[in-house]
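First up is the structure itself, then whatever we jot down about it.
The values are calculated or read from the model by the stated rules, or taken from the named source; none is laboratory data. On a predicted model such as this, the values are computed, not experimentally measured, just so you know. Positions of Cβ are backbone-derived with ideal geometry, glycine not excepted, and every protein chain shown enters the neighbour counts. Accessible surface areas use protein heavy atoms only, side chains included; no ligands, DNA or RNA. Shrake-Rupley method; radii C 1.70, N 1.55, O 1.52, S 1.80 Å.
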Amino acid sequence: MRNSRSRLRWGGAGLAMAGFTVIASTIPVYAANSSGDSKATIAVDNAVAAPAADATFATDQVAADLAATSSTIGSKVVSFVQAKGTSYTFGVYADPDLGKVIVETDAPARDVAALLGKDASQVVVRKGKVTDLFSRRDDVPAFWGGAGIRSGGAICSSGYTVANSANTRYQVTAGHCAPNGATEVTELGNRTFGVVSGNGLPSKDMELLGGQSYGSFIYGGGVNSSTGYHVAGAGNPVVGFTNYCHSGRTTGENCGHTAQSVTATVCTSSGCKSPVAAFTGGVLPQGGDSGSPFFVGSTSGTDKHIRGHVIAGNGTTSYAELWNNVAARYGVHIVT
């Protein structure tokens, strides 16, 4: 699970045609605070010369050694999270007053011991969870897949991050979520998530969101989760596999989906799309989950592999655009 970064829910009517519902819902517009975390300003009395304590500290050899140890442990922690996911949280810093490196974490003692190694004598471990002030429904940059996004009165979910040959990053979502040129914002925070381009309707239910910072993670867990998974690859689903997952703002993370077809056709009020994946089983997507990632886990570890994104359903069968179609249309690769 992801670097913990906390974010309501309301129901809404989807668009229906021929028994199918486009998985986007309509919500009332709520006023939201568009500002980020405020930063306090410290007043300094200019009549008193401030001592250059920072310069003295920077040249102190003990402090330099402490900072080096902190950096080494921090690098190990980053590698651990990249390999194991973000089920556990960490905070690492040098405390000059104690003359120790502080490691704040909720990871098991054996994992912490392995990360500290020979530097353990220079470390004070404080047990606890470090949390970000954001969540799936109130995302912050770098934005992740599976987050709640809205444009006008329609609400959807973000999908996953891709990049073109120039390494410009975009977030993929469903094409019926907003037209070209529209701005998608975060569901609760009203932060600009991205501007729509490349809308593929009526035949391809996909579009790109650009202009912001996008990370290689997708949200996991419940609808107010602030944790997620690292994306390690992408490809098309396989018919008959029984444990595909989706992760959207309405239903959260749910697995146990069986791919019934990768050559299906689905026609809704936004047009007919083919070929797409048809899947059944488990807790299926609902209104507002459109655009959310359709994925599978690794055989080991917590990395996830994208297989497409959710576009429609009727409560019994759901449909997803295929990863290969996204890659071919936009000339993009998955960001890992």
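General observations
- For segment 280-312, residues that are touching a Ser or Thr at 6+ places or on another chain (Cβ under 6 Å), small (Gly, Ala, Ser) and either at negative phi or not in a loop (DSSP other than H, G, I, E, B) (or both) total 3.
- Qualifying residue in segment 122-131 (condition: at pLDDT below 95 and in a helix (DSSP H, G or I)): yes
- If you go through segment 204-242 and keep only what is open to solvent by 10 Å² or more (accessible area, probe 1.4 Å), touching a Phe, Trp or Tyr at 6+ places or on another chain (Cβ under 8 Å) and of a type in the set (Ser, Thr, Tyr), you end up with Ser213, Ser225, Ser226, Thr227, Tyr229.
- Count - residues of segment 280-336 that are within 27 Å of Ser79 (Cα to Cα), surrounded by 24 or more Cβ atoms within 10 Å (Cβ to Cβ) and of a type in the set (D, E, K, R): 2
- Which listed residue, of Ala277, Ala264, Ala259, is under 23 Å from the mean Cα position of the chain (by Cα), surrounded by 15 or more Cβ atoms within 10 Å (Cβ to Cβ), of a type in the set (A, V, I, L, M) and in a strand (DSSP E or B): Ala277
- Of all the residues in segment 143-160, those that are open to solvent by less than 10 Å² (accessible area, probe 1.4 Å) and in a loop (DSSP other than H, G, I, E, B) number 4.
- Criterion violated by Cys272 - all others in (1) buried (at least 19 other Cβ atoms within 10 Å of the Cβ); (2) assigned to a strand (DSSP E or B) satisfied: (1)
- Given (1) crowded, with 24+ Cβ neighbours inside 10 Å; (2) in contact with a helix residue (DSSP H, G or I) (Cβ under 9 Å, 6 or more places away or on another chain), number of the condition Gly198 does not satisfy: (1)
- Of all residues in segment 49-70, those satisfying the criterion of being modelled with pLDDT of 70 or more and open to solvent by less than 70 Å² (accessible area, probe 1.4 Å) are Ala63, Ala64, Leu66, Ala67, Ala68, Thr69, Ser70.
- Sole exception among (1) within 27 Å of His305 (Cα to Cα); (2) open to solvent by 30 Å² or more (accessible area, probe 1.4 Å) for Leu188, by number: (1)
- Residues of segment 94-135 satisfying the condition of being surrounded by 16 or more Cβ atoms within 10 Å (Cβ to Cβ) and of a type in the set (Gly, Ala, Ser): Ala94, Ala107, Ser135
- Cβ-Cβ under 7 Å pairs, at least 6 apart or on other chains, segment 70-98 side in a loop (DSSP other than H, G, I, E, B), far side open to solvent by 70 Å² or more (accessible area, probe 1.4 Å) and charged (D, E, K, R): Thr89/Lys129
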